[in-house]
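See below for the structure under consideration.
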Amino acid sequence: MSSPMATDSTKFLLSDLVSSHIKYVPSKYIRPESDRPDQFNVEKSNAAIPVIDLQGLAGANRPQVVEEIGLACQNDGFFQVKNHGIPMDVIEGMLHVAKEFFHLPESERLKSYSDDPKKTTRLSTSFNVKTEKVSNWRDYLRLHCYPLENFADEWPSNPVYFRQVVGEYCKNVRELALKLLEAISESLGLERDYMVKALGKQAQHMAINYYPPCPQPELTYGLPGHKDPNAITILLQDGVSGLQVLRNGKWVAVDPVPATLVINIGDMIQVLSNDRFKSVLHRVVVNNTSERISVPTFYCPSPNALIKQAEAVVDEEHPSIYRSFTYAEYYEKFWNQGLQSASCLDMFKLT
Ligand code: OGA
Ligand code: NI
């Protein structure tokens, strides 16, 4: 018997606890008062997060679009993209199958459950249930997606078209990630293929996040403030708000715009660019009316890739900030530290 059996008093997943219509947030989800989402300190307009039209990347306007991307990576660490090349039916299919998966009966979903972070396909809850002190208001299905043929056979087979629909989305996102990495390389004055080469064989991981409605959203987080450890993240969100980004000391809501994806720089691009580009803090708040689904794709270096700043961005005025390390070394630190605002990057600084 590989999947756990859940009884009413011990639910493995938050979604199954919430389905009994609880009126209060259980104590293990309650944050200390000094660390709660303060809704009064949130800017409601997401006009601050640039929207970049990628249509121009393929034509004569490429230099301008590359410059826009560079400025966004430098100033915001976050931007949104439209005309990104992923067809609407692929996007809608992905969101639809994600919702169907999380609406399956508990016994069916628990077939994928595991709290072992080494598993390449697993359903879990919160962030790292083995090490964290306070839990997060989230369930998630984590999948390795590249090379697709190595992993798709271990993905859920219910809904029956899960593998096909998610596989199609993964292929499309990979193409977009490569396009963005080329533009990011150029915007730093590097060869177009610099980043792709620097990341080694590369890996692509996906989380399908499910945030159930929460009876007391002011007491907890879907995800607390954190920075992504990977190279870049491509986020698809359904129509429900929840993502917030820290900008000039204020949290800014990144409300979903149809057909638009959210891109953010992860810690590895910050290192490769020697801090020219920033991996910034972001968090997820929950609400008391709607479930929310988001699908981040984490584009990562291969575990054995040696990460170090590009020589061309280092000079007398901008000396090397980090020692070199493998992504495997970095990722282990990230995972064990738990989600917190102090970035793991500080541990890799040259002194
Ligand atoms: C993440 C993340 C944002 C969201 O999974 O790392 O930041 O909107 N997700 O779910
Ligand atoms: Ni994140």
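Descriptive notes on the structure:
- Shown for the chain: the carbon plus sulfur share of the solvent-accessible area, taken with all protein chains present and a 1.4 angstrom probe, equals 51%.
- Cross-link table 119/333; 201/227; 44/82; 308/333; 11/130; 197/227, entries beyond 19 Å C-alpha to C-alpha: 201/227; 44/82; 197/227
- Fraction of beta bridges assigned by DSSP in the range 1-156 that are antiparallel (%, nearest 5): 60
- log10 of Debye I(q)/I(0), alpha-carbon scatterers only, for the range 44-180 at 0.08, 0.18 Å⁻¹: -0.31, -1.12
- Listed as lacking a disulfide-compatible partner in the chain: 73, 214, 300, 344, by the criterion of no other cysteine Cβ under 4.7 Å.
- Radius ratio Rg over Rh of the range 149-216, counting only Cα atoms, Kirkwood formula for Rh: 1.13
- Residue-normalised accessible area of the chain, expressed per residue, 1.4 Å probe, Å²: 45
- Signed unit charges on C-beta, dipole axis of the chain, positive-most listed residue 88, 15, 66: 15
- Alpha-carbon centroid distance for the pair the range 19-90 / the range 208-273, whole angstrom: 6
- Ratio Rg/Rh [Cα only; Rh per Kirkwood] for the range 220-351: 1.00
- Relative contact order, whole percent, for the chain stands at 21, derived from Cα pairs under 8 Å and 6 or more residues apart.
- Scaled radius of gyration (Cα, divided by 2.2 N^0.38 Å) that the chain gives: 0.97
- Each helix, a run of at least 4 DSSP H residues, gives -39500 (n - 2.57); summed and divided by the residues of the chain, these come to -7500 deg cm²/dmol at 222 nm.
- Here the chain is treated with +1 on each Lys and Arg Cβ and -1 on each Asp and Glu Cβ, and its dipole about the Cα centre works out to around 600 debye.
- Kirkwood Rh, Cα atoms: Rg over Rh of the range 76-138: 1.08
The values are calculated or read from the model by the stated rules, or taken from the named source; none is laboratory data. As the structure is a prediction and not an experimental result, all values here were calculated from the model. Note that each Cβ is placed from the backbone with ideal geometry, even for glycine, and that neighbours are counted across all protein chains shown. Accessible surface is based on the protein model in full, side chains and every heavy atom, while ligands, DNA and RNA are left aside. Shrake-Rupley method; radii C 1.70, N 1.55, O 1.52, S 1.80 Å.
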